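Since every read-out is calculated from the coordinates, none of them should be taken as a lab result. Nothing here was measured: the structure is a model prediction, and the numbers come from that model. Don't worry about glycine lacking a Cβ; one is built from the backbone with ideal geometry, like all the others, and counts go over all protein chains shown.
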Amino acid sequence: MRYPAACTAALAAVLPVPAQTWLLRACLLDGEPGREAWRAWHALAGDAKAAMVEDRWSVKRLLPALYVALRRNGVDVDATLLSYLKLAYVREQMRANTYRRICAEVVAVLDAAEVPAVLLRGGALAATVYDDPAVRHCHDIAFLVQPDDIARAAAALGAAGLTPLAHAPSEVAPYAALRHETSLPVELHGRLFSVAMYDLPWSEVWPRTREVPVGGVATKVLSPADSLLHVCGHAFYSASRESLRWVMDAWHILRREGAVDWDLLCANAGRGRLTLPVLVTLRYLADSLGADVPGEVLGRLDAAAARAPDVERDVALRAARAGSCESVTALLGRVQGGWRVRTLTALWLLFPSRAYVRDVMAVRSGMGATRHYLERPVNYLRARVARRG
């Protein structure tokens, strides 16, 4: 890959902005570093409660964690603001109890149907790496199952009273979604990642899973290395990254799961073509939040990213843009590193590699590729005019 440093600088546009980082530090760090972060964020926010109500920096989902951190660090907080935070925490605590009960019911149904399933994302992490599950909001229950088991699992859950939902357009088949009577979505994924090029096959993931109790029911979850890879990869292309929960998840994995197999993570990032997303996210966690990511690991990922083919850069940029639901112009506005990096990023977005056009866009012929390249900037300008109109 040419210009690897410029590429990682461009991809860093997906990361939290400075104000968000101060808030994350206030939620995660202990003692004076946590208190200093709160003071810095409070100064930027001005009226802290108004900022929370308006959700200017995607703070709503962090309020329970912030409440716990402020009390832990002995921060003197206005009584009205503290009451607001406490209410958010108590509500999430009650919701977490209901969530665990429903999760246990779903796992029991899948077990009875003899469908091997791995609990993913917030449900698994709240049960394994968070000291207090109530600080991790979970808006759905997601499972990884074997692709051939999707239909059978959905049928079993439907027979148990769950209602089928239409497929989300962002999800890659095989996939099924249902709704519990409480309106909580239950998702069944046949792939660990929704970007077609990113993959970690079931045959490799399943033997490394472990069993933990969720709502009193033994439940399979990913290994620490696979869990960290999933969090970093999913955050890169998912619009849910704007909630900042992915940062909390990854930081807690690194804090709690001291036995992350770094050799395995680096190898799987390479095989799954996830080296760039993993490098960018882990470097942020280490540099901005002091997460325990060995420098040697970042060096290995950096070297691997420099060797990665251009198509991986193009897929990562597409994922970054899709996850933010932003136009090319808006994404470029968040790119750091000066005009050179912005210029390269614009060229990469408008004129991706031939391998990307062939393998991702499925444009096989030479004439078709030429027409595709000519149409891309025209389509971009049309979309920009339509947005302004």
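Key figures
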item	result
Structure-based [θ]222 nm, the chain - -39500 (n - 2.57) summed over DSSP H runs of at least 4, per residue, nearest 500	-19000 deg cm²/dmol
Cβ charges +1 (Lys, Arg) and -1 (Asp, Glu), total dipole of the range 76-209, debye	200
Global geometry of the range 8-108, whether rounded, prolate or oblate, following the gyration tensor of its Cα atoms and the 1.5 cut on a/c	oblate
Candidate lysines for bridging to LYS86, where Cα separation is under 28 Å - those fewer than 8 sequence places away on the same chain excluded	LYS49, LYS60
Overall Cα dimensions of the chain, principal axis frame, Å, largest first	60, 54, 49
Potential extension, ARG256-ALA151 segment - 0.36 nm per residue separation minus Cα distance	34.3 nm
Segments 204-210, 346-352 sorted - mean Cβ within 10 Å per residue, highest first	346-352, 204-210
Share of pairwise Cα separations in the range 96-240, more than 20 Å, in percent	42
Note, ³J(HN,Hα) from phi for the range 80-90, Karplus 6.51, -1.76, 1.60, rounded to Hz, x at Gly and Pro	5, 5, 4, 5, 5, 5, 4, 4, 4, 5, 4
